[in-house]
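Heads up: the structure comes next, in structure tokens.
The values are calculated or read from the model by the stated rules, or taken from the named source; none is laboratory data. As the structure is a prediction and not an experimental result, all values here were calculated from the model. Cβ coordinates were reconstructed from backbone atoms using ideal geometry, including for glycine residues, and neighbour counts include every protein chain displayed.
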Amino acid sequence: MNYSEVVFNNETCDSTVQPTLSSMYFQSTVFVMYCGIFVAALLGNGLVCYVVSCSRRMHTVTNFFIVNLAVGDILMTLFCVPFSFVATLVLQYWPFGELLCHTVQFSQVTSVMVSAYTLLAISVDRYMAIMWPLRPRMSKHHAKITISVVWTIAIATAFPIFTVSHLAQPSPWHKSCHRFICTENWESKEYQNVYSFLLLTLQYVVPFSVLVFTYTRIAVVVWGKRIPGEAQNSRDARMARSKKKMIKMMVTVVVVFTVCWLPLNIFLLVWEQNPDLSNWELMPHFFFACHWLAMSHTCYNPIIYCWMNSRFRIGFCSALGRRWVPAASFGRANTSSTYLSVRRRTEHSLTCQEEQI
């Protein structure tokens, strides 16, 4: 995607490019909203990685995939969120050099592909586990191999962006002021259109189709009615609740991913086909809305895990509370019987099949 192409010619090197973008209110809003994403995403996804790595009980196949999602979001947060909004919406030119021009655009495509195909891997694993429960489950070793394949596909898909990204001076103003924009230099418009369509297909059409199919079939099985008179003990009921909670959580993750990223990709696809839209005065507002929504996806998954899964919720509270309120666990009210009761409840919540991912 082409950063800073919503920018038009300046009259002086110190003047701003767009009246809308130059207003202090707009730039302050942009700065606060993107900084909020940056902090929340690093904190949330860092906690996800920490909680899973520090607890052997959390070393499950699905949690390995969840950590992979978090790593992809951290990549996006570090390489895309700060550079893209500063160059496009604050400075309105690219000051970070050619290497970061290649790296930022490449990292964004890679991160989105990693998220899409990790969600795909989770759905296929869940589908096979529920549709064929007697078959051997995916092992941790196979999960690591799958994650490696996901990254290989993502990097290979994003590599053309790395090769065509470059710094350009599209106007006399850029040349006289020694300012650059980070854009893509394709051999022809046809190649660019083909790649954009292919990227949309690989990022959304294929994964979304598979996700809809697998989770629909899973829902039919998990929420299907029991045969009248069929016995169901308490363990079966707990396992059924566990499956339903897990499916709800992963479907929520998929829906949030789609809602956040689809508008920006459609926006850029339409823009590439209609370059004259750059002259539309509301263009900066639409770009900001779509781009911020896409970048904000990096901080939603940890919130979903905390909200819908007790193991992650306990892990987050433990990681954050361990330093913040250590004295609380040593109060007079914590008698031996109370301590044992709390410990039993905590251990039960950590081992209960109800909340297993």
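Given 121, 116, 156, which one is buried (at least 18 other Cβ atoms within 10 Å of the Cβ) and either without any contact (Cβ under 8 Å) to a residue 60 or more places away in the chain or in contact with a Ser or Thr (Cβ under 9 Å, 6 or more places away or on another chain) (or both)?
Details: 116 fails: either without any contact (Cβ under 8 Å) to a residue 60 or more places away in the chain or in contact with a Ser or Thr (Cβ under 9 Å, 6 or more places away or on another chain) (or both); 156 fails: buried (at least 18 other Cβ atoms within 10 Å of the Cβ).
Step by step, each of 121, 116, 156 is checked, and only 121 is buried (at least 18 other Cβ atoms within 10 Å of the Cβ) and either without any contact (Cβ under 8 Å) to a residue 60 or more places away in the chain or in contact with a Ser or Thr (Cβ under 9 Å, 6 or more places away or on another chain) (or both).
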Looking only at segment 159-200, and only at residues there that are at pLDDT 85 or above, of a type in the set (Gly, Ala, Ser) and surrounded by 12 or more Cβ atoms within 10 Å (Cβ to Cβ), the one that is nearest to residue 256 (Cα to Cα): 196
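Scan 103, 16, 20 and give me the residue that is touching a helix residue (DSSP H, G or I) at 6+ places or on another chain (Cβ under 7 Å), modelled with pLDDT of 90 or more and either surrounded by 16 or more Cβ atoms within 10 Å (Cβ to Cβ) or not β-branched (Val, Ile, Thr) (or both). Lay out the reasoning, then the answer.
Details: 16 fails: modelled with pLDDT of 90 or more; 20 fails: modelled with pLDDT of 90 or more.
Exactly one residue qualifies, and that residue is 103.
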Among the listed residues 226, 217, 238, identify the single one that is at pLDDT below 75, in a helix (DSSP H, G or I) and farther than 12 Å from residue 119 by Cα. 238
Filter segment 50-78 for residues that are more than 18 Å from residue 301 (Cβ to Cβ) and part of a helix (DSSP H, G or I) and give the result. 54, 56, 57
Does residue 303 satisfy the criteria of being surrounded by fewer than 17 Cβ atoms within 10 Å (Cβ to Cβ) and not acidic (Asp, Glu)? yes
Looking at (1) part of a helix (DSSP H, G or I); (2) under 16 Å from residue 165 (Cβ atoms); (3) not β-branched (Val, Ile, Thr), which is the only condition residue 95 fails? (1)
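Quick check on this structure: which one of 273, 203, 232 is at pLDDT below 90 and either buried (at least 16 other Cβ atoms within 10 Å of the Cβ) or among the acidic types (Asp, Glu) (or both)?
203
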So the check is Cβ under 7 Å with 6+ separation or different chains; which pairs have a first residue in segment 27-38 that's more than 16 Å from residue 289 (Cβ to Cβ) and a second one that's at pLDDT 90 or above? 38/77
State yes or no: is residue 291 closer than 27 Å to residue 170 by Cβ, modelled with pLDDT of 80 or more and over 18 Å from the mean Cα position of the chain (by Cα)? no
